[in-house]
1. In region 772-800, which residues are polar (S, T, N, Q), surrounded by fewer than 23 Cβ atoms within 10 Å (Cβ to Cβ) and touching a Gly at 6+ places or on another chain (Cβ under 8 Å)?
2. Which numbered condition in (1) open to solvent by less than 50 Å² (accessible area, probe 1.4 Å); (2) touching a Leu at 6+ places or on another chain (Cβ under 9 Å) is the only one that Ala103 fails?
3. Looking at this structure, is Leu237 more than 60 Å from the chain's Cα centre (by Cα), in a loop (DSSP other than H, G, I, E, B), at pLDDT below 75 and farther than 15 Å from Ala188 by Cβ?
4. Any residue in region 449-466 that is closer than 27 Å to Arg120 by Cβ and modelled with pLDDT of 95 or more?
5. Within region 108-127, how many residues are under 33 Å from the mean Cα position of the chain (by Cα) and assigned to a loop (DSSP other than H, G, I, E, B)?
6. Test each condition in (1) in contact with a helix residue (DSSP H, G or I) (Cβ under 8 Å, 6 or more places away or on another chain); (2) under 30 Å from Arg236 (Cβ atoms); (3) open to solvent by 60 Å² or more (accessible area, probe 1.4 Å) for Asp164 and report the one that comes out false.
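The values are calculated or read from the model by the stated rules, or taken from the named source; none is laboratory data. Predicted model, so just to flag it, every value in this text is computed and none were measured. Counting neighbours? That spans all protein chains shown, and the Cβs are built from the backbone with ideal geometry, glycine included. Protein only, heavy atoms only, side chains kept; ligands, DNA and RNA dropped before computing areas. Shrake-Rupley method; radii C 1.70, N 1.55, O 1.52, S 1.80 Å.
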Amino acid sequence: MNAETRTATLVSRVERKEAPRAERLTPEQLYRACDPTTLGFRTTDELPDGAITLGQDRAVSAVQFGIGIRDHGYNLFAFGPAHIGKHAIVRQFLEERAASEPAAPDWCYVHNFEEPHRPRALSLPAGTGVRFRADMARLVDELRIAVVAALNTEEYRLRHQQIDEEFAERRREALSDLGKRAEARGVALIHTPVGFALVPTRDGQPLGPEAFGGLPESERHALKATLTELEAELERLLHQVPQWQRERREKDRALKQAVTRTAVEALIDDLAGAYAGQPDVQAYLAAVKADVVEHADDFRAAPDENDRGPIEALMTRAGLLGDRLNRYQVNVLVDRSGAHGAPVVYEDKPTFQGLVGRIEHVAQMGALVTHFTLIKPGALHRANGGYLLLDARRLLLEPFAWEGLKRALRARTLRAESLGEALSLISTVSLDPQPIPLDVKVVLIGEPVLYYLLHALDPDFTDLFKVAVDFEATVDRAEPGSGSVQYAGLIGTLARRAGLRPVSAAGVARLLEHGARVVGHADKLWLGLDGLTDLLKEASYWAGTAGGEIVEAADVERAIEARLARSSRPRERLQEEIARGTIAIATGGEVVGQVNGLSVVELGGFTFGRPSRITARVRLGGGTVVDIEREVELGGPIHSKGVLILSGFLAGRYVPDEPLSLAASIVFEQSYGLVEGDSASSAELCALLSALADLPVRQSIAVTGSVNQRGEIQAVGGINEKIEGFFDVCAARGLTGAEGVLIPAANKRHLMLRADVIAAVRAGRFHVYAVDTVDQVMEVLTGVAAGERDVTGRFPSGTVNCRVEQRLEALARQARSFRMGATDASRA
């Protein structure tokens, strides 16, 4: 009796209540097609624009809430699968909201005359910063002319000369008075190259040392006393000269300031009037006025290098010394000219300095120096008053960028600094700019794993990013009705936005079917906007090469097939090695303890199924099931868990009153890499049961599905790729009608198989079975009834379960006999 006959006569061989049988699936159950006639249009040009937020109600609600609430810490983290259009959807909402909000102000840095190392930050209405910078540059030019002109007038020179003459006259009078008094006492005040000196005289002529020594002693003592007294007066007089010079300079400075104030006051006041509503600007211009009056010489010294020292003049000619008037420049950090609404900024390279700004330095005479005009803005400056979008992965990959962002959000201020200064890695002349108040809504976009890791490991994360925006990867598929029509509208919208050809109803139907295949669920549709747009571009290209103006189903199919062809080299090489026999996969005959399992391989975004030979061996032992993959560290934890479940199943179903006395080993043959997942645990259990029952297994049937300790078959992933992978092996060898695949019944809703597989099933040359239990699997694989315990607690004779239990009982008896023999031997 062959396997097909045994399968057909299962129930007649064992008298029992009929158990559920494996379900042979029909072609209609293997693929849920979309009828183009139910869509209600000819091409997508007839459809209005569909919302790109289709199926994203939860995410849309979260975005609207996050951008609406203005309290601190309510920043957003948008996460979901890759390529579903998270960035486009979030940005659309941000731009719509930003358009209705007032424009953010300009920000400028100017010189701080009181603390030069702390530049002042000025907030100006949008678009005013550039005008203020030009006004200040024009003011400096006008001040230069006005100050130079005022200080070169005849009146100023006369008053300046008068002050100098007053000082000179005062000095001459004091010295003349001292000279007269000295002369009356026989002493002369003379002017030498090294200063003034007092010498004794006789008859109006100075006495030399010899003549002085020849005088009577009393006269000498009198002259010495007179000289000492007069020298003290001379010293007091000379000490007063610097004070008189300071008084002269103060008078000169007061004169210069008065003249300068008169010359510049009107110019600066006129500019201040143009910014009457800006108190910060008013305060800055008042400081400018005071500084101009105080440093009027800077305005006439700049063009004249003769007033500078030789080193200073040399540095100026070499370009190493800036203009003294640079302190009146305006550094426009953020310019909102032409802006309408709040800013929406996306930073594609979120480095530390790219976010918080930087302070640049220039080399001068071997040293690094800086200036407030070298302060550069970051993304937070540009987005201040609006919204900032960041890619979470890129942000976390940049050193210290995440910490810099958190610090700015916590402090609600922006402080530009270099990374070296922030980490105290360099010590050089730098600036400490006045912090700028920060009012920004930050939106991070990334994968779910990043959100959950940050939520679990970073205590600051929950305080700063309180709004989770969770995007869906799929949407329910309605047939016929609104779901498919809305999806068709989405397809039309994406095609129009990308400037592509319209898509026919048949083309939309094929895209719907492909979307269900991508997500691995016949009742779902794919929401990958980026991937869907790429597929539309490729289909439109193929339509163009065929001379069509509309994208038809054939163009979509060609685009899909071309994608597969570009990526399918690994799958083709694998199939080639199987066909050559290098990789041993049997598709015919029967073998004890050997089952064809199915796994999935993903390389470069391309997923394909791979059949694997799974074998099991059994002998007397201590009740262990050895996973060879795990022993050599090629099995992942989930796969190892699946194998350990097999021991629980055996212990729970068979010989409940006896210890398990087997030693079993299970292995994926010709496996040279990591094996992970539990989708092959049902195939491993079947191989083990076959080895225990000594029942051969049909090699024309492959098995996939995980199993629990109760023997129930559970759903697995990649079901379509697994079925197609085994089908390709069988088709290459020629289908006989005996080939097929056993899948979990829970996976029926996930089936969206290729057209060639469905054609083979329709022709009866290939089969797909849906099973709920391992008993159903064993019945199909062996053609022998699985068997259920009767009222006496025994399995019917000849069934799979009966044969397994009998083998385990025999192993238990052997174990007892072995232990008794060992005990007798030890006693002897």
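1. The one that is polar (S, T, N, Q), surrounded by fewer than 23 Cβ atoms within 10 Å (Cβ to Cβ) and touching a Gly at 6+ places or on another chain (Cβ under 8 Å): Thr773.
2. (2)
3. For Leu237, the condition - more than 60 Å from the chain's Cα centre (by Cα), in a loop (DSSP other than H, G, I, E, B), at pLDDT below 75 and farther than 15 Å from Ala188 by Cβ - is not met.
4. No, there is no match, as no residue in region 449-466 is closer than 27 Å to Arg120 by Cβ and modelled with pLDDT of 95 or more.
5. 5
6. Of (1) in contact with a helix residue (DSSP H, G or I) (Cβ under 8 Å, 6 or more places away or on another chain); (2) under 30 Å from Arg236 (Cβ atoms); (3) open to solvent by 60 Å² or more (accessible area, probe 1.4 Å), only one is false for Asp164: (3).
Here's the yes/no breakdown for (1) over 19 Å from Tyr31 (Cα atoms); (2) in contact (Cβ under 8 Å) with a residue 12 or more places away in the chain; (3) open to solvent by 10 Å² or more (accessible area, probe 1.4 Å):
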| residue | (1), (2), (3) |
| --- | --- |
| Leu685 | yes, yes, no |
| Leu688 | yes, yes, no |
| Arg698 | yes, yes, yes |
| Val729 | yes, yes, no |
| Gly740 | no, yes, no |
| Ala746 | no, yes, yes |
| Leu753 | no, yes, no |
| Gly764 | no, yes, yes |
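Table: residues versus (1) charged (D, E, K, R); (2) at pLDDT 95 or above.
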| site | (1), (2) |
| --- | --- |
| Gly718 | no, no |
| Phe727 | no, yes |
| Cys730 | no, yes |
| Glu739 | yes, yes |
| Pro744 | no, yes |
| Lys748 | yes, yes |
| Leu753 | no, yes |
| Ala763 | no, yes |
